[in-house]
Each structure stands twice: as structure tokens, then as C-alpha cells.
Amino acid sequence: MPPPKNPWYKPLRRNSNIVFFGLALVLALGLFLSVSFSLITAYFIDSLSITAPETVSLIELSFDFATYLLMFIIPLSIMRLWIDIPPKVAFPMRSPRASIAFPAVLICIGASVLGVLSYGFIHAFLSSVWGIDPIMPVLPEPVGIPATVVYFLWLAVAPAILEELMFRGVIMQSLRRFGDTFALVCSSVLFSLAHHNLAQGPNAFFLGLIIGFFTLRTGSIKTAMLIHFVNNVLALTAEFVSRDMALRQQEMLSLGIFALYAVLGVTGLIIIVVKHGGIFHLAPSNYPVRGGKKYFAFFCGFMPILYIICIFILTSLQFERASWY
């Protein structure tokens, strides 16, 4: 007779299936709503003979914003109810200490330097070996103040709330019973995969680690929302400032931002070490399934593999031929 199966794998795999189903639903809803709203937008604009660029931009971005909201809110709600995690546990809302939250923001800004360096390494490797470059997804540019406001809500405010409720909320908090380190690493990997492009993925992983760590240490998802919001605002500000610059000016601006972020990150790290020297630890895991077996059980089921294949396909679409080929 075969040896009995370890019953401790069952809750781990159940949680994995629910999480990956929710993330797959995000992709499916995003695709369905994007196509549906695009058709509705085109019909709406054509039927009303709308030609003003500001109005067209506002309508298109409003539907993009609606797509984003629905593709996260629906799966997020299903995941929380299916996992059966209480709202107060999934979304801890205590007010974080400013002495931790402020340097945490600085450290996360500095961590983006690691993301940029990682992307540079990946870019150089792919260009030299396979002659391809990972690229950023192309987003519509807002025209007019109302469209710019919607653009800001879509790319700065909404992700800081909904993505944190999902990744540092339902996902990470539901995985904490298997170990805080395990929950932190898995949620960061999933956060990186959810961007489904190599231009943003490495940075998302490092940011996910920092955001998740300080969420655990402060016991508040508000910390995650604050860090994410500041990071998004800085990225959008740099985008708007550099939009009309010449290539040389953009390179100089990027270099200056890179140096500033590094300084801010080191400053935040020094503040944390001086004020909270013992903060850099997480509670040890008492779950009977140990080490790599937990990660294998979480990432190697049917739903995880199906989702990772979809992400691989979507990521492969975000490449272009290297310019020197």
C-alpha cells in the first residue's frame, strides 16, 4: 500500500488553487472587459459624432479605469469569500507608526534602484543572447485636465488601494498561517508575475518584498497603500516631466532620479536601523510542511501552472527586436 498523503498539504494547496484562480480571473476579466469596453467606446464616440480630443480621451480613459476597477474588485471579493478569511484579518487597518512608515517609504523608493539594475541585466542578456528587448506596455496619453485626473486615479490611486488589498491583503494575510516569510515571498512573486512584462517585473518583485515586509512589521495594510501610492506618484511625475524632453535630457533626468532614489533608500535604511534596530526579523514558521516543499506545493498545482503559462505567453508579447539587430 502507498504511504498516506500528508494532510498538511491539503490547506496549502487549497489556498494556492483559490489564489491562482483569482489571479487567472483578473486576466480573463481584464481581457473580456477591455475588448467589450473598447467596442462600446468606439460605438459611443461614433454614434454621438464626438471629435474633440479632450472628450475622446476622457471617455477612453474612463472606460480603461472602469475595466481596471472591475477586473480587481470582482476577483478580490471572490478570493476573500472563498478562502473564508475575515475582513479584519485580510485587511488590517491599524494606523502605522510614522517613525516606521516614513523610512519605509524611503527604503522602498531606494529598492527601485535594484529593480532598475535587475532590468538592465535582463535587458542586456536578452539583447545579446536572443536579440530581443523587453518593453513597457503602451498606455494612452491623457488629453486635457479631466482626462489627466482619470489617468492619475487609474494609475496612481486605484493600484495603491486595490493591488494592496489583493496582494498584501487577501493573498499575503491568508498565507501567513504557513509562515510569514513564505507569505511574503509568495505574495511578492505573484505581484511580480501579475505585471506580466519583464520591464516592470523585477522592480515589482523588490517593491513587493519591501512593501510586504513593512506591512507585516506595522500590522497595517495602510503602510502598503502609502508606499505604493508614493511610488506610483513619483513614477507618473517623472513620466509627465520627461514626456516632451529630448532623448539626451531624458537620460540625464533618469540618471539624476536614479542617484536621488539611491540616496533616499540609504537614508531610510539608516533611520530604521537607528530607531528600530531589531525590526528586521519575521516570526518563525511552525507549520509542519517545511522549506522548499511548501513552495513546491504552492506553485506546482494545476491552477498555478496554468496561470504561469498564461503569464509566460503574455510576457512573450512584450518584446521587440533589439535595435542593433
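The values are calculated or read from the model by the stated rules, or taken from the named source; none is laboratory data. Treat the numbers as computed from the prediction; the structure is a model and nothing was measured. Glycine also receives a Cβ, built like all others from the backbone with ideal geometry; neighbour counts cover every protein chain displayed. Only protein heavy atoms, including side chains, enter the accessible area calculation; ligands, DNA and RNA are left aside. Shrake-Rupley method; radii C 1.70, N 1.55, O 1.52, S 1.80 Å.
How high is the FRET efficiency from LEU269 to GLU54, r the C-beta distance, R0 45 Å, rounded to 0.05?
Working from the Cβ atoms, E equals 0.55.
Give me the distance in nm between label points sitting 7 Å out from Cα along the Cα-to-Cβ direction at PHE312 and SER118, one decimal.
If labels sit at PHE312 and SER118, their model points lie 2.0 nm apart.
Could you grab the relative contact order for the chain? Cα pairs under 8 Å, six or more apart, rounded to a whole percent.
After rounding, I find 30 percent.
Can you tell me the Rg and Dmax of the range 218-296, counting just the alpha carbons, in angstroms?
19.1, 58
Just how large is the dipole of the chain about the Cα centre, in debye to the nearest 20, putting +1 at every Lys and Arg Cβ and -1 at every Asp and Glu Cβ?
So the dipole magnitude of the chain works out to roughly 1880 debye.
How large is the convex hull of the C-alpha atoms of the range 124-196 per residue, in Å³?
Per-residue hull volume (Cα only) is 114 Å³.
Within straight cross-link reach of LYS88, meaning Cα distance under 18 Å, which lysines are found once same-chain residues fewer than 8 apart are removed?
Straight-distance partners of LYS88: LYS222.
Projecting each Cα onto the charge dipole of the range 119-273 (Lys/Arg +1, Asp/Glu -1 at the beta carbon, about the Cα centre), which of GLY131, ALA246, LEU184 comes out farthest on the positive side?
Of the candidates, LEU184 comes out farthest on the positive side.
What percentage of all Cα-Cα pairs in the chain are separated by more than 31 Å?
37
Among 191-203, 123-135, how do they line up by average Cβ neighbours within 10 Å per residue, starting with the highest?
Ranking the peptides 191-203, 123-135 by packing returns 191-203, 123-135.
Over the range 97-240, how many percent of alpha carbon pairs lie in each 10 Å bin up to the one with the longest distance?
Reading upward from the zero bin: 11, 38, 33, 15, 2.
Write down the accessible area per residue of the chain in Å², having rolled a 1.4 Å probe over the full set of protein chains.
Here the residues of the chain average 52 Å² of exposed surface.
Defining a contact as two alpha carbons under 8 Å apart and six or more residues distant in sequence, what relative contact order in percent does the range 1-135 show?
25
Show the residues, 5+ positions off or on another chain, whose built amide H is closer than 5 Å to the amide H of SER220.
So SER220 has HN proximity to no qualifying residue.
Once you order the gyration tensor axes a ≥ b ≥ c over the Cα atoms, which shape class does the range 21-172 get: rounded for a/c under 1.5, otherwise prolate or oblate by comparing a/b with b/c?
Verdict is oblate for the range 21-172.
Which helices, counted as full DSSP H runs in the chain, have an axial Cα extent of no less than 18 Å and a Kyte-Doolittle average of 1.0 or above?
What comes out of the filter, once short or polar helices are dropped, is 9-47, 53-83, 98-129, 180-193, 201-218, 221-242, 247-275, 302-316.
Can you give the charge dipole size of the range 49-136 about its Cα centre, rounded to the nearest 20 debye, using +1 on the beta carbon of Lys and Arg and -1 on the beta carbon of Asp and Glu?
Dipole size: approximately 580 debye.
Under unit Cβ charges (Lys, Arg +1; Asp, Glu -1), what dipole magnitude, rounded to 20 debye, does the range 93-223 have relative to its Cα centre?
Computed charge dipole of the range 93-223: roughly 620 debye.
Would you mind telling me the share, in percent, of accessible area of the chain contributed by carbon and sulfur at probe 1.4 angstrom?
72
Alpha carbon centre of the range 170-235 versus the range 263-325: separation in Å?
8
Return the long-range amide H neighbours of ILE132 (sequence gap of 5 or more, or a different chain), with a cut-off of under 5 Å between placed amide H atoms.
Amide H neighbours of ILE132: SER127, ALA322.
Looking at the square roots a ≥ b ≥ c of the eigenvalues of the Cα gyration tensor of the range 178-325, which shape do they give, rounded for a/c under 1.5, prolate if a/b is larger than b/c, or oblate?
The shape class here is oblate.
If packing is taken as the average number of other Cβ atoms within 10 Å across a peptide's residues, how do 23-29, 281-287 rank, most packed first?
Highest to lowest by the protection proxy: 23-29, 281-287.
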